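Encoded as structure tokens, the structure appears first; notes follow it.
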Amino acid sequence: MSITYFENERIFKLDTPNTSYIMGIVDEENFLGHVYYGKRMEDYHVDYLMRTQEPPFVPSKNNRERCSFYDTFPFEYPTAGLGDYRESCLSIRTEGGHCGCSFSYVSHRILEGKPSLTGLPATFGDKDSCMTLEITGEDKHAGMRVKLYYTAFSDTDVITRSVKIENMGEKPFYLTKVFSACLDMDNQDFDMISLHGSWARERHIQRKTLGYGIQNVSSFRGESSHQDHPFLALVTKNTTQETGEVYAMNFVYSGNFRAQAEVSQFDGVRMSMGIHPENFCWKLMPGEEFQAPEVVLVYSDKGLDGMTTSFHHLYKNHLIRGEYKDKKRPILINNWEATYFDFTTEKLLAIAREASSLGIEMLVMDDGWFGKRSSDNCALGDWVVNEEKLPGGLKYLVDEVNKLGMKFGIWFEPEMISPDSDLYRSHPDWAIAIPGRVATESRQQYVLDLSRKEVVDYVYECVAGILRSANIEYVKWDMNRQLTDLGSYELPEDRQGELYHRYVLAVYELQDRLTKEFPHLLLENCSGGGARFDPGMLYFSPQIWCSDDTDAIERLEIQEGTALIYPLSTMGAHVSDCPNHTVGRVTPFETRGIVALAGTFGYELDVTKIPKEDRDMIPEQVAMYHKYNDLVRRGDYYRIASYSQNHKFDCWEIVSEDKGEALVTFVQVLNRANFKSRRIRLKGLDPRKQYRVEGTEECYSGEALMYAGMHISNPWGDFKAQLIHLYSV
Ligand code: DGJ
């Protein structure tokens, strides 16, 4: 890794092990241009690619065509309103109501390590693993200073970017758009890959041709959302899992976002990402600064596999924190699909007793334990234990569970308020709403106005008070509705446009306080399944509930899309009962276990009621988890085949860091007549090593397994899964 400034040529060059990123300063006005991002180069003499020698030339040579210059130059951080008609990254409004701003390079610093981002989650690293370039630019007319941050890592091919805006004038101005990163490139005939979904159908991979104009994915639902994901990749047409060039962006943020690509009239492509400008307007007072969230950039010339490896490495080593960062998680059993709201202490203890005898290590009590909550239509905000359901209180239940040798975990939905709650009756103005307008309900609930300090403090004390009252070792933090009716009873008129972002900052503050006061707590984020599965939340919780769809076959596509970016150790995955509660499908219990093994692994069923043959299989699955989880959590993940593409079977592989062992998972969806076996080619092995297939006498070289392949025999029946464990001899 290195960051160098070549003074004579006015060129910045950032290097990671296999990639280079190059920018240049041009003309008397110090425009900062993007030159190159791609395969690592030692030569940095590529500033000719900024086209400053081609008409319309730079403004000092041809000011008559300044507008054409603005509209064609590959800006590193494009600004709005002065002649660049492509989508900008920065837009402001002055007190006089005027827009238009610019960015001229002023100075830079090269820093060891990586500064943190005030109030925001971000990747981190020390001086051996990364270095940071801070470029300061100014718009004197607007009284604005803009700082661009770039961090290059030494152990993964990642460059992160973020932006800070400072008001150095004497009057306030309003930020109406602040994106965090931009790549102005020449179009190479790209396809665009994004992750699309819905409730219970999150993060399905979508690939389409990039055409002229703007194409984007976004959320202005107040969270990163089920529907679109804060991720975008532009890939050359020839891109497969193993080949082709990939430019990817992922946002370390859990609120509104927009990720977009714009192909211009001259076949340039501008790729950018940041906070969604809809309903965003931030008042910046003189002397104040605004920190925009971080974007992770990955370039790979080894197809999607190369991209995935870089993201996984970054998130495992430079984002996820805390005690469970690299620790095996307790196998949990959650009572949601087992009982929904209909449970008592006795019922939960019956589940716990049976579960502990089978080797399950933690009981998680889900929604319904507080206030008058016997359905989802009331009581959010009343975080007082319902002693009718839980006689003897929470401590009694937790102690009894602990006596069985199990840990205890609990569910909260702290950001919400039910209209039918004591909290709402005493503080109706604590809900997000447009004063005077009846707010839209969703799941019969409102969202708390977390821009208010007293609301944040109330929420924190409710959660922390419960955690202090008993030996609770896990929290599932849920969020079951998206934001509407953006209005705060407290924010002044000219700051209502800050509500979305202030809300997200408050969620981060709450989780920060929680993880500091309870450093041993295992936190799992969740949002109606996986609507807030993003790097921002991973900074606080090492795992996130992936989806409310627990069907093993539906999970193939959801987990494939999720694992395109995020390590397997982060994906909440449980074995549930059949017919599956979301799709009604019946799959073998064994398959459900094998698919959940690719995530955190746990159960979500009434273990006292499931068929005996399923129950009898649990100890085997528990043993399987203990045997393979270190490999699943720490190993390198490879996608071998995709059911969503071939409509026949799914296959993925995990290889240990030292390449001494590998675990292959093969899931056949529908069986077909007259098939004997399938040849699959493995990845990531040591070509010179010999690998034995566990439980057989078969032994093959890594070379043979990777280049020629191995046979997987065709299982009898539908929805059948197999695990193949290979170890070097
Ligand atoms: C949505 C979650 O994803 C479920 O697992 C469950 O916790 C429910 N909410 C409870 O209301």
Original post:
Where in the stretch 79-170 are there GluC sites (Glu not before Pro) that are in a DSSP coil and have at most 16 other Cβ atoms within 10 angstrom of their Cβ?
Top reply: 95, 170
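Taking all protein chains in place and a 1.4 Å probe, what share, in percent, of the accessible surface of the chain do carbon and sulfur account for?
Looking at the chain in its full context, I get 49 percent from C and S.
What pairs in 325/395; 39/683; 328/659; 61/283 have C-alpha atoms more than 32 Å from each other?
61/283
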Original post:
Using the alpha carbon gyration tensor of the stretch 61-149, what are the three equivalent-ellipsoid semi-axes (square root of 5 times each eigenvalue), largest first, in whole Å?
Top reply: 30, 16, 12
Subject >> Positive-end residue of 716, 537, 625, charge dipole of the chain with Cβ unit charges >> reply: 716
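Between the DSSP loop rule and a limit of at most 12 other Cβ atoms within 10 Å, which GluC sites (Glu not before Pro) in the stretch 366-438 are left? Don't jump to the answer; show the numbers that get you there.
On the way: sites: 387, 388, 400, 415; in loops: 387, 388, 415.
In loop regions of the stretch 366-438 (DSSP not H, G, I, E or B), the sparsely surrounded GluC sites (Glu not before Pro) are 387, 388.
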Original post:
Using alpha-carbon pairs under 8 Å, 6+ residues apart, how would you state the relative contact order of the chain in percent?
Top reply: 10
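Take each of the peptides 604-614, 476-486, average the number of other beta-carbon atoms within 10 Å over its residues, and list them starting from the highest.
Top of the packing list down: 476-486, 604-614.
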Original post:
Mean residue ellipticity at 222 nm from the helices of the chain, using -39,500 (n - 2.57) per DSSP H segment of n ≥ 4 over the full residue count, to the nearest 500 deg cm²/dmol?
Top reply: -6000 deg cm²/dmol
**OP:** With all protein chains present, calculate the accessible area of residue 301 using a 1.4 Å probe and round the result to the nearest 10 Å².
**Re:** 50
**OP:** Determine which aspartates and glutamates satisfy two conditions relative to residue 171: a Cα distance under 19 Å, and not lying fewer than 8 residues away in the same chain.
**Re:** 95, 138, 139, 288, 289, 493, 494, 498
Original post:
Which of 169, 571, 70 sits closest to the plus end of the dipole of the chain, meaning its Cα is farthest towards the positive end, when Lys and Arg get +1 and Asp and Glu get -1 on the C-beta?
Top reply: 571
Original post:
For the stretch 1-103, what Kirkwood radius comes out of the mean inverse Cα-Cα distance, in Å?
Top reply: 14.8
**OP:** Loop only per DSSP, at most 16 neighbouring Cβ atoms within 10 Å: give me the GluC sites (Glu not before Pro) in the stretch 683-729, ordered by residue number.
**Re:** 694, 697, 698
Subject >> Model label zone, residue 671; criterion: amide N under 13 Å from point 7 Å along Cα-to-beta-carbon; scope the stretch 573-599 >> reply: 588
**OP:** Provide 503, 174, 727 ordered by accessible surface of protein heavy atoms (probe 1.4 Å), highest first.
**Re:** 727, 174, 503
**OP:** Highest first, please rank the peptides 515-527, 148-160 by the mean number of other Cβ atoms sitting within 10 Å of their residues.
**Re:** 148-160, 515-527
Original post:
Listed here are the pairs 403/516; 302/516; 316/612; which of them are more than 31 Å apart at the Cα?
Top reply: 302/516; 316/612
Subject >> Theoretical FRET efficiency, 1/(1+(r/R0)^6), r = Cβ-Cβ of residue 496 and residue 288, R0 25 Å, to 0.05 >> reply: 0.90
Original post:
Rounded to a whole number, what is D in µm²/s for the stretch 431-539 from Stokes-Einstein with the Kirkwood radius over alpha-carbon pairs (25 °C, 0.890 mPa s)?
Top reply: 162
Original post:
What number, in nm² with one decimal, is the all-direction average of the projected area of the convex hull of the alpha-carbon atoms of the stretch 477-531?
Top reply: 4.7
Subject >> Order of exposure, largest accessible area first, which applies to 302, 140 with probe 1.4 Å >> reply: 140, 302
Original post:
In a Debye calculation with equal point scatterers on the alpha-carbon sites of the chain and no solvent, what is log10 I(q)/I(0) at q = 0.09 Å⁻¹?
Top reply: -0.83
Subject >> the stretch 499-552 - Kirkwood radius from inverse mean 1/r over Cα pairs (Å) >> reply: 12.0
Subject >> Cross-link partners of residue 407 among aspartates and glutamates (Cα-Cα below 13 Å; sequence separation of 8 or more within a chain) >> reply: 361, 399, 473
Subject >> residue 696 paired with residue 713, simple spin-label distance in nm, labels 7 Å along Cα-to-beta-carbon >> reply: 0.8
**OP:** For the chain, give the magnitude of the charge dipole about the Cα centre (Cβ charges: +1 Lys/Arg, -1 Asp/Glu; no others), in debye to the nearest 20.
**Re:** 940
Original post:
What does the charge dipole of the stretch 404-490 about its Cα centre add up to, to the nearest 20 debye, if the Cβ of each Lys and Arg holds +1 and the Cβ of each Asp and Glu holds -1?
Top reply: 220
Subject >> aspartates and glutamates whose Cα lies under 17 Å from that of residue 609, excluding same-chain neighbours fewer than 8 positions away >> reply: 337, 342, 346, 354, 577
Original post:
If you project the alpha carbons of the stretch 90-212 onto the principal axes, what extent comes out on each, in Å, largest first?
Top reply: 49, 42, 34
Original post:
What do you reckon, how do 1, 50 stack up by accessible area (1.4 Å probe), largest on top?
Top reply: 1, 50
Subject >> Probe 1.4 Å, accessible area per residue of the stretch 181-339, Å² >> reply: 30
Original post:
So what's Rg/Rh here for the stretch 361-505, counting alpha carbon atoms and using the Kirkwood radius for Rh?
Top reply: 1.02
**OP:** Considering the options 45, 160, 281, tell which one lies farthest towards the positive end of the dipole of the chain, charges being +1 on Lys and Arg and -1 on Asp and Glu at the Cβ, about the Cα centre.
**Re:** 45
Subject >> Formal net charge of residues neighbouring residue 419 (Cβ-Cβ distance under 10 Å; K, R +1; D, E -1) >> reply: -1
**OP:** Heads up, I need the accessible area for residue 102: 1.4 angstrom probe, whole protein in place, Å², nearest 10.
**Re:** 30
Subject >> Net charge of Cβ neighbours under 10 Å - reference residue 703; Lys, Arg +1; Asp, Glu -1 >> reply: +1
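The values are calculated or read from the model by the stated rules, or taken from the named source; none is laboratory data. Keep in mind that what you see is a predicted model, and the values were worked out from it rather than measured. Note: ideal-geometry Cβ built from the backbone for every residue, glycine included; neighbour counts use all protein chains shown. These accessible areas exclude ligands, DNA and RNA; they are computed on the full protein's heavy atoms, side chains included. Shrake-Rupley method; radii C 1.70, N 1.55, O 1.52, S 1.80 Å.
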